Every structure is written in structure tokens, then in C-alpha cells.
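The structure appears below as C-alpha cells.
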């Protein structure tokens, strides 16, 4: 992939617009370490406005040869998909406290804040502040509430055209993870992060 100043400008504009979009939809700005307040059991789909914006950014990146046609087509398919349908995102305040305590104990930290969770078929992906650097997503094949150790850890950002790559990387680094959970995670961190 050709990386140049134009691509970084596009990505920067997307991040700024994403933050404004999230604030408009949520009604408030929250920090990454603040717990989700909506506690919905599923991932909200992309709005028509958000889809149109992402498609325009992708088209510009393809037109300017910042991404190739294959990556463009993959990204458009992801924008038009809903891979998080059926993924449990709910977390009660009591369960959140229990999870925070268990992860803090397992990670040997005084305290840990949990701000998001994804669950499917016995697997959990938990977004925490359990790091001195970027806030990590901890991947569990067993119950973190019961002291399980993470199978892998992921932190950092993802560009809107890296969804397929991130899904593949997650499936490689977390053997046995349900593919739908890996896809939901990749879609969330590249296209629907709030």
C-alpha cells in the first residue's frame, strides 16, 4: 500500500469526524476509560450518514491510489455489513465491578476500569485501562471473572481499510475465537468505534 500525506490527511479527517459523529449520536463525549452508559446488548449499526461518510473517504483513498481495488472492495463490504449482530455487549454495573476486580487481581494492578465488552460462545473481549500505555482489549477464551488469563492482548488503532487484516490477525493470535466475534471486533475498532 502506498502511504503518503494525503492518506494521513484522510485518516485524520475521519478520526475528527468520527469523534464528532459519536458525540452527536451518543449525546455526550466520553473518554475511553469511561464505562459505556447505554449497556445495550448489541452493537449499534452504522447510520446511513456514517456509511455515506465512510464510503466517500474510501472512494477518495482508492481514487488517489492510497489503497488498491481489492482493499477498497473489502472495505465497502465491511461498511455495508453488520457483523456484530448477535454479539452480546451487555454489562450490568454489578457484573462490571466483578469483572474489574477479577482483571485487576489477574493483572496484578491496584484497580482496573472496564469500559466495554464483547461476548460470544464462551469468549470475551474486554476493553480496559489495564496498561501503562494504550488501553488494551483483553481476549479471553474462558471467563475472566473466574481469573482466566487473556489469550492475547490488542491495543492501538485501526484504519477504516484494515478491517479484514485485523479480523485475520485476531483469529491467528486468539486460536479458537469464534470468527463472528473476531469480525465484530475488527469492524468495531475500524468502523464503529465510539
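Within the stretch 156-194, the only residue that satisfies the criterion of being out of contact with any strand residue (DSSP E or B) (no Cβ under 7 Å at 6 or more places or on another chain) and closer than 24 Å to residue 105 by Cα is 156.
So for the stretch 159-173 (the condition being more than 15 Å from the chain's Cα centre (by Cα), surrounded by fewer than 20 Cβ atoms within 10 Å (Cβ to Cβ) and free of Cβ contacts under 8 Å to residues at least 60 places away in the same chain), does at least one residue qualify? Checked against the condition, which is being more than 15 Å from the chain's Cα centre (by Cα), surrounded by fewer than 20 Cβ atoms within 10 Å (Cβ to Cβ) and free of Cβ contacts under 8 Å to residues at least 60 places away in the same chain, the stretch 159-173 yields at least one hit. Among the numbered conditions (1) surrounded by 15 or more Cβ atoms within 10 Å (Cβ to Cβ); (2) farther than 17 Å from residue 86 by Cα; (3) more than 14 Å from the chain's Cα centre (by Cα), the only one that residue 190 does not meet is (3).
So that you can scan it fast, the table gives a plain yes or no per residue for (1) surrounded by 13 or more Cβ atoms within 10 Å (Cβ to Cβ); (2) more than 17 Å from residue 164 (Cα to Cα); (3) at pLDDT 95 or above; (4) touching a helix residue (DSSP H, G or I) at 6+ places or on another chain (Cβ under 7 Å):
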{"site": "32", "(1), (2), (3), (4)": "yes, yes, no, no"}
{"site": "37", "(1), (2), (3), (4)": "no, yes, no, no"}
{"site": "56", "(1), (2), (3), (4)": "no, yes, yes, no"}
{"site": "61", "(1), (2), (3), (4)": "yes, no, yes, yes"}
{"site": "67", "(1), (2), (3), (4)": "yes, no, yes, yes"}
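Taken together, the criteria exclude residue 117 from residues that are in contact with a strand residue (DSSP E or B) (Cβ under 7 Å, 6 or more places away or on another chain) and within 16 Å of residue 132 (Cα to Cα). Restricting attention to the stretch 134-149, the residues that are within 13 Å of the chain's Cα centre (by Cα) and within 13 Å of residue 177 (Cβ to Cβ) add up to 3. Of everything in the stretch 77-90 that's within 14 Å of residue 42 (Cα to Cα) and without any contact (Cβ under 8 Å) to a residue 60 or more places away in the chain, which residue is surrounded by the most Cβ atoms within 10 Å (Cβ to Cβ)? Top of the filtered list is 89. In summary, residue 153 fulfils each of the numbered conditions (1) more than 28 Å from residue 58 (Cβ to Cβ); (2) crowded, with 22+ Cβ neighbours inside 10 Å with the single exception of condition (2). Checking each residue of the stretch 91-112 against the condition of being closer than 26 Å to residue 81 by Cα and touching a residue at least 12 places away in the same chain (Cβ under 8 Å) gives at least one match.
The values are calculated or read from the model by the stated rules, or taken from the named source; none is laboratory data. This structure is a prediction, so every number in the text was calculated from the model and none was measured. Glycine gets a Cβ as well: all are built from the backbone with ideal geometry, and neighbour counts include every protein chain shown.
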